[in-house]
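Working notes, structure below.
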Amino acid sequence: MGSHSSSDKVTNTGRRHIIGALGASILAGGASQAVAQSLGFPAPPAGLGKRPYPNLLRPLSDKKRKFGYAIVGLGKYAVNQILPAFAECEHARLAALVSGDIEKARRLGNHYGIEESHLYTYDNFDKIAQDPDVDAVYIILPNSLHADFTIRSFRAGKHVMCEKPMALNAEECQRMIDAGKKAGKELMIGYRCHFDPITHKAVALARSGVIGTPQIITTDNGDNTDPTDPTYQWRLTRSLSGGGALMDLGIYGINGSRYMLNEDPVEVQATIMPPTDPMFRQIDETIVWIMRYRSGAVAHGSASFNVNAMSRFNLQGTKGSMRMDPATSYWCNTVSLCKTGDTQTWSTPMFTINELNQFSAQLDHLPISIANGTRVAATGEEGMQDVRLIQAIYKAAHSGRPVSTDWGDWRKTI
Ligand code: NDP
């Protein structure tokens, strides 16, 4: 069927399989040690326990004259993805650690060369205002803590990088944006995919006209949930997470759809499926939604906390389609351009990426933007638009009716 050579396909698929297994096992947080070490990653320092799972720790190189980040919340994403990524940053460096577990902060501080004077707890966090090594605070806490720590960081006179979803609701987002403006500091949301070269390629394809007029977007994001792992426990608790699969994983599909189409939806509909396990009683286990665009395009998405890992994106145009699978993985996302003729379909995996690149690029982006006086790629307003859409999708699911999201061009407010 296809016009690509079978050897290309085997090579690409094989590489994806190896790195994908590593990534998936890191995400799962338990069984990846042997895989990681077989691929050359060092063993973690002793005594860090099951969580966080520090199997990608790397020493920093030159620390001088780089933009200093304080990392707040030393959980799975911070320890496995963000801390190691500083090793590949050109402009950013790790300057401080903030944790509720000071012993963990000390162990990581020893590993990364962070002195005791740059270790903070949540209680004494505000002292960071007097830490000249810290230029920005990167908040990697449960969602319910994003707003509070963002505002405290701005009060301390620091720039802020905040993880997705930006906050629990639009009101919190607005307070975060206002606090940044008052402090005269930048706010950036941790949309790492905006720094993934595969995503850039996909956006270029989507907007190039090569697939004709974009008509239908399909996005699916999901993962299994392990209720014995603390990283999932707060996600299952509404007061800490704000919601379930949609807040945590569906947000990738929402942001990706808007990014590909360069357009915001004007109406949403949604259904939350009844939970199949009591652990999901507080949050959405599986949700499906439809987003209607003024251009005539439609995006339908799903997110689930109870499926084998999935991260897919399909953009169907009038003359072809663009597919990403995986679309938002940590490693080796792929994009394929598919054109269907009478009997032939061709599909070309175009890129693979090195591990860590998107994280390092994201960390470097904030100091580059500040130095150049240019707008960050993922502003607070961008994060707030996704949170507003999430709220509208939940409202549509609970009411059983379409909800208008035609609230004007948020970009004009920046
Ligand atoms: P984890 O549970 O692994 O880490 C969260 C950390 O927050 C904990 O380890 C803990 O660190 C700290 N914390 C403070 N208060 C609490 C509390 N009440 N309950 C639990 N933890 C607490 O979560 P993740 O690292 O997976 O996620 C953190 C944030 O990062 C979320 O907002 C998530 O959406 C986002 N994320 C983004 C990803 C991306 O690709 N952009 C990927 C994964 C997550 P300590 O012990 O140091 O105090």
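The values are calculated or read from the model by the stated rules, or taken from the named source; none is laboratory data. As the structure is a computational prediction, the values presented were derived from the model and not from experiment. Methodologically, a virtual Cβ is constructed for each residue, glycine included, from the backbone with ideal geometry; neighbour enumeration extends over all protein chains shown. Areas reflect the complete protein model, heavy atoms only, side chains present, ligands, DNA and RNA absent. Shrake-Rupley method; radii C 1.70, N 1.55, O 1.52, S 1.80 Å.
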**OP:** Report whether or not residue 77 is open to solvent by 10 Å² or more (accessible area, probe 1.4 Å), touching a residue at least 60 places away in the same chain (Cβ under 8 Å) and within 15 Å of the ligand (Cβ to nearest atom).
**Re:** yes
Original post:
Considering only segment 313-329, how many residues are assigned to a strand (DSSP E or B), within 16 Å of the ligand (Cβ to nearest atom) and not aliphatic (A, V, I, L, M)?
Top reply: 1
Original post:
Can you find even one residue in segment 56-75 that is in a helix (DSSP H, G or I) and either at pLDDT below 95 or of a type outside the set (A, V, I, L, M) (or both)?
Top reply: no
Original post:
Has segment 119-135 got any residue that is farther than 24 Å from residue 240 by Cβ, within 15 Å of the ligand (Cβ to nearest atom) and part of a loop (DSSP other than H, G, I, E, B)?
Top reply: no
Original post:
With respect to the numbered conditions (1) open to solvent by 20 Å² or more (accessible area, probe 1.4 Å); (2) assigned by TED's automatic domain parsing to the domain that holds residue 170, which one is the sole condition not fulfilled by residue 240?
Top reply: (2)
Subject >> Scan of segment 280-304 for residues that are touching a strand residue (DSSP E or B) at 6+ places or on another chain (Cβ under 7 Å) and buried (at least 21 other Cβ atoms within 10 Å of the Cβ), ordered by number >> reply: 284, 285, 286, 287, 289, 291, 297, 299, 301, 302, 303, 304
Original post:
residue 369 is checked against (1) open to solvent by 60 Å² or more (accessible area, probe 1.4 Å); (2) polar (S, T, N, Q); (3) farther than 19 Å from residue 263 by Cβ and fails just one. What number does that condition carry?
Top reply: (1)
